[in-house]
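Asker: There's a structure below that I have some questions on.
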Amino acid sequence: MKTYAYYPGCSVKSTGKQYEESLIEVFKIFDLQLQELEDWNCCGATMYMSVDEKMSFSLSARNLAIAEKTGLDIVAPCSACYLVLLKTMNYIKEYPAIRKSVNEALTAAGHLYRGTARVRHPLEVLLHDVGFETIQNKTKLPLRSFKIAPYYGCQIVRPFEEFDHHTYPDTMDHLFEIIGANVIDYTQKTRCCGGSLTGTIEEVGLRLNYILLKEAYEKGANCIATVCPLCQFNLEAYQRKILKKYNNIPKMPILYFSQILGLALGIDKDKLGMKKSIIYPKELMESLVIPEVSTTV
């Protein structure tokens, strides 16, 4: 069994709980274990760096230092957490002054970061440590009724191009293809959902999310797959308001990529957190047909 240091972040422990539940179950199928970091703290999210850069790097680096002590790669499923941890790791590596000030702060708290902890995204782990051929061989339930618009959001490929293209990523696209789903050529796949704007300047946030939903609907998608708790929340939780304001599109289920993959791997829907969906994919779930097992000798 291969083990990773797991940094869940705040969202995956609250509004994005189904992301964590489904990811853990999917990793189990491939004999991968997520070992949650002890005493982890909030990464500070992306905006905190514009408020107090040193404090932001220090908060984030504390998580890296804790992970470093385990000797394991650190897996961060939340897009914001992934970006902040990756940015902190890179800035500490590239800028001696930042490394010095951050380690002074860490030392005062009983930690030290040497720069050896590697930050990884679950998609990249599945791509490189598992491999798509293995995933295809483990697929039990091809999702032929799923017409998926893969939505990557802004942060997992920009500004750092670690494992996918920064303007037109396709890791999720290929993943869904090998599990038998129909992948929609979704041109809005890296367009911003508005982030926190839905909670601050709601009109702008609703408009940005409407653009994403409208594109998916017009291209023939019957669900959107995401890798980010905030993107998922914006697209799903605010959808009622969006549809009331722009009434020319129907409801669209917003699922985590790990939930969709889990269904294809034959994992029970309750273990994937499907019941936590605000917009439950009723028709998609009813369309799933479990293949008959041949008893012919």
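Asker: Compute the distribution of all C-alpha to C-alpha distances in the stretch 65-199, in bins of 10 Å from 0, and list the percent of pairs in each, rounded to whole numbers.
Answerer: Going out from 0 Å in 10 Å bins, the stretch 65-199 shows 11, 32, 30, 19, 7, 1 percent.
Asker: Fewest to most neighbouring Cβ within 10 Å: what's the order for E133, E236, E177?
Answerer: E133, E177, E236
Asker: When F132, F146 are ordered from fewest to most other Cβ atoms inside 10 Å of their Cβ, what list results?
Answerer: Ranked by crowding around the Cβ, least crowded first: F132, F146.
Asker: Which angle from 0 to 90°, rounded to the nearest 10, does the C-alpha axis of helix 202-218 make with the longest principal axis of the chain?
Answerer: 40 degrees
Asker: OK, next. If one takes the longest principal axis of the Cα atoms in the chain, at what angle in degrees, from 0 to 90 and to the nearest 10, does the Cα axis of helix 79-94 lie?
Answerer: Once rounded, the angle reads 30 degrees.
Asker: Still on this structure, I have one more. How much FRET efficiency would the formula 1/(1 + (r/R0)^6) give for R118 and K241, where r is the Cβ-Cβ distance and R0 is 41 Å, rounded to 0.05?
Answerer: 0.55
Asker: Residues with beta-carbon under 11 Å from that of I92, excluding I92: net charge, scoring Lys, Arg +1 and Asp, Glu -1?
Answerer: +4
Asker: Taking Cα centroids, how far is the stretch 147-193 from the stretch 10-31 in Å?
Answerer: Cα centroid of the stretch 147-193 versus Cα centroid of the stretch 10-31: 19 Å apart.
Asker: Here's something else I'd like to know. Taking the 0 to 90 degree range and rounding to the nearest ten, how far is the long axis of helix 96-108 tilted relative to the main principal axis of the chain, both from C-alpha atoms?
Answerer: With rounding to tens, the tilt is 90 degrees.
Asker: Extension gain Q136-R207, at 0.36 nm per residue separation less the Cα-Cα distance, in nm?
Answerer: Extra length from Q136 to R207 when fully extended: 21.8 nm.
Asker: Expressed as a whole percent, how much of the Cα-Cα distance distribution for the stretch 140-287 exceeds 27 Å?
Answerer: Value for the stretch 140-287: 17 percent of Cα pairs lie more than 27 Å apart.
Asker: Quote the relative contact order of the chain in percent (integer), defining contacts as alpha-carbon pairs under 8 Å separated by 6+ residues.
Answerer: Over the chain, the number comes to 20 percent.
The numbers here are math on the coordinates, done by the rules we state, and not lab data. Computed from a prediction, not measured in an experiment: that's the story for all the values here. Heads up, the Cβs are rebuilt from the backbone with ideal geometry, glycines too, and the neighbour counts pull from every protein chain shown.
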